[in-house]
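Below: the structure, in structure tokens.
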């Protein structure tokens with residue numbers, strides 16, 4: 001996933017955690033905040049106005065397990081990026097249960113939460 005789409009800074013994360021909508025799935029929690037203040041960093045028309053952050057607790061395990069989970073979540077978000085709506089800040093927070101889920105289970109969980117919260121639209 002490109003750096004343009006990543007949520008950066010403690011203030012940004014805090015804002016989404018406090019003001020955003022929260023929805024829990026089997027192994028993941030998604031926080032979504034409609035944010036019209038996202039500035040366009042590039043003049044290219046193909047860059048969407050969406051920010052995605054990943055928050056992983058040390059309760060997950062050691063660094064290698066956290067990094068594995070972070071890579072999986074980042075890959076899933078990259079696959080779903082074209083379907084995401086503009087003007088949103090999203091934080092994906094995996095729970096320790098998600099470590100034991102397969103990639104396809106994790107993807108279906110995140111995709112279902114994204115559909116429920118309005119990050120991506122229903123397929124026609």
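Here are some notes:
- Scan of the stretch 7-22 for residues that are under 13 Å from the mean Cα position of the chain (by Cα) and surrounded by 16 or more Cβ atoms within 10 Å (Cβ to Cβ), ordered by number: 7, 13, 16, 20
- Among the candidates 76, 91, 47, 56, residue that is surrounded by 12 or more Cβ atoms within 10 Å (Cβ to Cβ), modelled with pLDDT of 90 or more and in a loop (DSSP other than H, G, I, E, B): 56
- Members of the stretch 94-124 that are part of a loop (DSSP other than H, G, I, E, B), at pLDDT 90 or above and farther than 24 Å from residue 19 by Cβ: 101, 102
- For the stretch 61-73, the set of residues classified as in a helix (DSSP H, G or I) and either in contact with a strand residue (DSSP E or B) (Cβ under 7 Å, 6 or more places away or on another chain) or loosely packed, with under 14 Cβ neighbours inside 10 Å (or both) consists of 63, 64, 65, 67, 68, 69, 70, 71, 73, listed by residue number.
The values are calculated or read from the model by the stated rules, or taken from the named source; none is laboratory data. In this text the structure is predicted, and so the values were computed from the model without any measurement. Counting neighbours? That spans all protein chains shown, and the Cβs are built from the backbone with ideal geometry, glycine included.
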